[in-house]
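The values are calculated or read from the model by the stated rules, or taken from the named source; none is laboratory data. It should be emphasised that the depicted structure is a prediction, and the values quoted were computed from it without experimental measurement. Please note: Cβ atoms are built from the backbone with ideal geometry, for glycine as well, and neighbour counts cover all protein chains shown.
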Amino acid sequence: MSVQTVSNIKLPIGKSEKELFALATKTLGKPPKYFAIKKKSLDARDKNDIRFVYTVEFSAEEQPVVKPELERLPINKQPQKPVVVVGSGPAGLFCALRLLERGITPIVVERGASVDERKKDIDSFIQTRVLNTESNVQFGEGGAGTFSDGKLNTQTHSPLQNEVLQTFIRLGAPQEIAYLNKPHIGSDNLQNVVKNARLEILRRGGEVHFHTILYDLQIKDGVLQGVRVKNVKTGEERSIDVSAVVLAVGHSARDTFAMLYARGVYMRQKDFAVGVRVEHLQADISRTQYGKAYSLLPSADYKLVSHAHERAVFTFCMCPGGYVMPATSEEGGVVTNGMSNYARNGDNANSALIAQVTGKDFGGEHPLAGVYFQRDLERKAFLVGGKNYNAPVQTVGDFLSGKASDGFGAVKPTYAVGTTFADIREVLPKGVAEALRVGILDMDKRLKGFASPDALLTAVETRTSSPIRIERDGQTLQSVSVQGLYPCGEGAGYAGGITSSACDGIRVADAIFLEFCLK
């Protein structure tokens with residue numbers, strides 16, 4: 001019997017998902033041998049009748065799981081020199097895994113530490129305020145996304161998305177990410193997932209080298225010949241002759257961007273967004289979103305956009321029940337980011353509250369102008385915070401009134417290093433600060449309580465996306481200026497989150513495979 005699909009099944013809050021299986025049993029006249037939830041979402045439009053909505057598949061017969069075999073590179077086409085993947089974020093990890101599936105054995109180099117060592121370095125920074133510039137929230141195994149909420153929703157609609165989700169599940173992510181409308185892994189689970197990805201790369205013959213930074217390219221007549229890498233702990237340097245290099249360095253590898261620019265790799269500045277993290281009590285957000293039934297439901301999220309000011313304002317990387325993280329990777333700077341564990345059970349909700357900035361804000365046409373702009377804001381936040389990595393903080397009520405805060409209300413900060421009361425206008429560009437003020441009031445019309453006087457703003461959020469794009473050919477995915485160099489993922493300007501970065505890593509691996517096939 002063929003697989004049957006039933007959509008738009010609505011279950012009230014508190015009803016067991018066993019009723020879905022019972023529905024399949026009733027339809028078939030016997031228990032199904034194959035049953036799967038294909039989609040699950042929450043319909044909270046009517047707060048008096050909130051329901052989960054499902055799509056399920058089932059069949060009276062078992063359904064074999066068939067994964068199509070990928071074409072592998074023939075022995076006579078194997079590269080004579082290594083393929084090096086720079087960076088072990090989602091783009092780099094998924095690129096390396098795909099290369100192995102294609103019969104190409106990669107070398108992965110990562111400037112930061114393994115995830116367990118990295119976690120210790122982050123905890124040490126919080127406790128001692130001594131920053132490890134190579135192992136922090138930005139750099140290390142898993143990339144910046146490891147210490148985030150682990151959201152997997154994306155607007156790219158890539159045909160590779162399901163493959164990415166299934167790979168995450170194979171590596172230890174919750175099974176439900178395959179069907180949730182807004183899937184997330186959680187930072188606690190992500191730390192195990194990225195470790196399992198590394199172990200799989202090693203098991204299949206690849207190499208992974210931590211504390212290893214790319215600091216130079218060897219180019220001849222527009223063709224990449226090799227790379228120079230350095231162990232940031234020992235200072236040992238070495239050259240690697242290469243067949244190809246994947247640049248999956250993430251959006252914060254500013255020294256790498258400068259090196260690439262100096263070596264003539266063509267890049268251009270790119271618009272991005274800056275602002276603050278905004279925190280509310282999670283109970284207040286959930287109550288507003290769900291009504292009186294909020295305590296029976298998962299922590300609520302939100303996504304808001306305001307066009308009330310000429311500069312668009314929007315929320316980004318919303319972390320229900322989460323924490324504001326110290327995310328600087330440079331000494332003398334303060335950067336914030338958001339993180340949630342899988343349970344999303346912290347007291348506060350937090351989100352980036354940001355406004356778009358463009359070349360008009362950066363000044364000039366230099367490709368790295370956006371980098372300099374970010375750094376300037378981060379150093380201002382460091383100074384205003386007290387030059388000790390405290391983050392400037394201000395209540396929303398005081399921000400709207402135009403005065404520095406001198407005390408907290410119901411919402412207490414989750415930024416663990418420490419905070420300093422300030423007027424955040426001392427950190428942000430005037431146009432951005434005004435856009436945020438207008439945006440907060442406008443957003444409150446759609447999410448009542450968003451402009452709550454006790455809500456907190458913590459500065460500064462600058463690493464929302466890469467400030468550059470390393471241009472690549474649309475077909476071969478190689479740099480338009482250096483043959484054999486493959487810009488990849490968020491840092492190169494071709495992705496905007498975990499899922500899209502992973503998809504791009506797979507695309508680049510397939511492009512490398514095709515290039516070798518044609519040789």
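Summary table
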{"read-out": "Qualifying positions in the range 336-378 - of a type in the set (K, R) and either surrounded by fewer than 19 Cβ atoms within 10 Å (Cβ to Cβ) or without any contact (Cβ under 8 Å) to a residue 12 or more places away in the chain (or both)", "value": "K360, R375"}
{"read-out": "Number of positions in the range 259-273 that are closer than 13 Å to R469 by Cα, touching a Leu at 6+ places or on another chain (Cβ under 9 Å) and not in a loop (DSSP other than H, G, I, E, B)", "value": "4"}
{"read-out": "Pick from the range 26-59, criterion in contact with a strand residue (DSSP E or B) (Cβ under 8 Å, 6 or more places away or on another chain) and in a loop (DSSP other than H, G, I, E, B), ranking: farthest from N8 (Cα to Cα)", "value": "K33"}
{"read-out": "Unmet criterion (only one of (1) over 20 Å from the mean Cα position of the chain (by Cα); (2) of a type outside the set (S, T, N, Q); (3) on the phi > 0 side of the Ramachandran plot) for F210", "value": "(3)"}
{"read-out": "Residue within the range 450-457 that is within 27 Å of R254 (Cα to Cα), aliphatic (A, V, I, L, M) and not assigned by TED's automatic domain parsing to the domain that holds G87 present", "value": "yes"}
{"read-out": "Elements of type helices (runs of 4 or more DSSP H) contained in the range 105-207, each with 1 or more residues being among the acidic types (D, E) and buried (at least 19 other Cβ atoms within 10 Å of the Cβ)", "value": "115-128"}
{"read-out": "Near pairs, Cβ below 8 angstrom, 6+ apart or cross-chain, from the range 228-239 (among the basic types (K, R)) to any residue that is modelled with pLDDT of 95 or more and not in a strand (DSSP E or B)", "value": "K230/E236; K233/H211"}
{"read-out": "Criterion: outside the structural domain of R129 (by TED's automatic domain parsing), surrounded by fewer than 22 Cβ atoms within 10 Å (Cβ to Cβ) and either touching a Cys at 6+ places or on another chain (Cβ under 8 Å) or touching a residue at least 24 places away in the same chain (Cβ under 8 Å) (or both) - qualifying residue of A391, A410", "value": "A410"}
{"read-out": "Filter pass, G439 being over 21 Å from D347 (Cβ atoms) and either among the charged types (D, E, K, R) or under 25 Å from the mean Cα position of the chain (by Cα) (or both)", "value": "yes"}
{"read-out": "Enumeration of residues in the range 223-252 that are part of a loop (DSSP other than H, G, I, E, B), over 27 Å from the mean Cα position of the chain (by Cα) and exposed (fewer than 13 other Cβ atoms within 10 Å of the Cβ)", "value": "T234, G235, E236"}
